[in-house]
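Following: one structure in structure tokens, then a few remarks.
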Amino acid sequence: MSKLLIIYAHPNRIGHHGYFLKQIEAQLAVRQYADYEVIDLYALHFNPVLNDEELYSAGRYAISPENLSFQEKITAADYLLFIYPTWWQNMPAILKGFIDKVFTSRFAFVYKNGLPVGLLKGKKAAVFTATGGPRIYSRIFKRDRVIKILTKDVLSFSGIKSRGFMIGSANKLDDKNMKKLGAAAQKVLQYLLG
């Protein structure tokens with residue numbers, strides 16, 4: 001069975017993102033899909049601050065045992081799912097720090113003849129985020145920048161095929177939003193697992 005790695009970047013497991021994660025896990029159980037793992041960055045107290053010795057762009061390649069472990073998990077995974085809130089039209093700092101520290105040169109990409117080559121080809125990822133603002137604002141006025149930062153600028157750059165999913169007006173976890181989250185979870189798993 002193929003492995004799914006879920007990177008969860010929200011300070012709690014209640015509300016829209018926690019409910020979405022529960023929907024994903026419930027639907028995985030229905031599919032009898034047990035080969036998945038959740039990396040909860042906040043629960044792990046992940047330190048997103050890039051240290052000087054980790055600054056690979058300056059020729060330093062120190063990677064902590066924790067981040068090496070994350071790289072190994074990504075290497076072993078066939079599918080990735082990122083779950084995070086939209087804050088200021090971007091991902092939370094903890095997820096950005098995870099990207100900076102884990103998706104490093106020589107692991108996620110290299111440059112050959114001056115061009116980037118993704119090293120994580122053959123993997124598929126889904127990105128899910130929710131925002132308190134109207135969905136149309138992110139789609140029309142911001143051109144889904146919050147999704148594209150991860151899907152295009154990071155995952156595609158690393159060779160990973162990816163697709164983004166987003167819901168808006170996520171201010172109150174009511175029946176309407178729970179229904180939207182359940183439908184989004186189905187779409188995400190259909191995209192990833194077929």
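The values are calculated or read from the model by the stated rules, or taken from the named source; none is laboratory data. Worth saying up front: this structure is predicted, and the values here are computed from it rather than measured. Don't worry about glycine lacking a Cβ; one is built from the backbone with ideal geometry, like all the others, and counts go over all protein chains shown.
With the condition kept exactly as written, say whether any residue in region 66-88 is among the hydroxyl-bearing types (S, T, Y) and surrounded by fewer than 18 Cβ atoms within 10 Å (Cβ to Cβ). Give the derivation first.
So in region 66-88, the residues among the hydroxyl-bearing types (S, T, Y) come out as 69, 75, 79, 84, 86.
Checking which are surrounded by fewer than 18 Cβ atoms within 10 Å (Cβ to Cβ) leaves us with 69, 75.
Scanning region 66-88 turns up at least one residue that is among the hydroxyl-bearing types (S, T, Y) and surrounded by fewer than 18 Cβ atoms within 10 Å (Cβ to Cβ).
Quick one: is A130 aliphatic (A, V, I, L, M), surrounded by 18 or more Cβ atoms within 10 Å (Cβ to Cβ) and either in contact with a Ser or Thr (Cβ under 8 Å, 6 or more places away or on another chain) or over 20 Å from Y191 (Cβ atoms) (or both)?
Values: aliphatic (A, V, I, L, M): yes; surrounded by 18 or more Cβ atoms within 10 Å (Cβ to Cβ): yes; either in contact with a Ser or Thr (Cβ under 8 Å, 6 or more places away or on another chain) or over 20 Å from Y191 (Cβ atoms) (or both): yes.
Spelling it out, A130 is indeed aliphatic (A, V, I, L, M), surrounded by 18 or more Cβ atoms within 10 Å (Cβ to Cβ) and either in contact with a Ser or Thr (Cβ under 8 Å, 6 or more places away or on another chain) or over 20 Å from Y191 (Cβ atoms) (or both).
Would a scan of region 55-62 turn up a residue that is in contact with a strand residue (DSSP E or B) (Cβ under 8 Å, 6 or more places away or on another chain) and without any contact (Cβ under 8 Å) to a residue 40 or more places away in the chain?
There is no residue in region 55-62 that is in contact with a strand residue (DSSP E or B) (Cβ under 8 Å, 6 or more places away or on another chain) and without any contact (Cβ under 8 Å) to a residue 40 or more places away in the chain.
From K161, K152, K121, which residue is within 26 Å of A26 (Cα to Cα) and at pLDDT 85 or above? Give the steps one after another, and end with the answer.
On the way: K152 fails: within 26 Å of A26 (Cα to Cα); K121 fails: within 26 Å of A26 (Cα to Cα).
Checking each option against the conditions leaves just K161.
Count, please, the residues in region 6-16 that happen to be assigned to a helix (DSSP H, G or I) and in contact with a helix residue (DSSP H, G or I) (Cβ under 9 Å, 6 or more places away or on another chain). Step through it out loud before you land on a result.
Step one: list which residues in region 6-16 are assigned to a helix (DSSP H, G or I), which gives 15-16.
Then keep just the ones that are in contact with a helix residue (DSSP H, G or I) (Cβ under 9 Å, 6 or more places away or on another chain); that gives 16.
Number of matching residues: 1.
Please find, among Y42, Y33, Y8, the residue that is at pLDDT below 95 and aromatic (F, W, Y). Write out each step before concluding.
On the way: Y42 fails: at pLDDT below 95; Y8 fails: at pLDDT below 95.
Just one listed residue meets the conditions, Y33.
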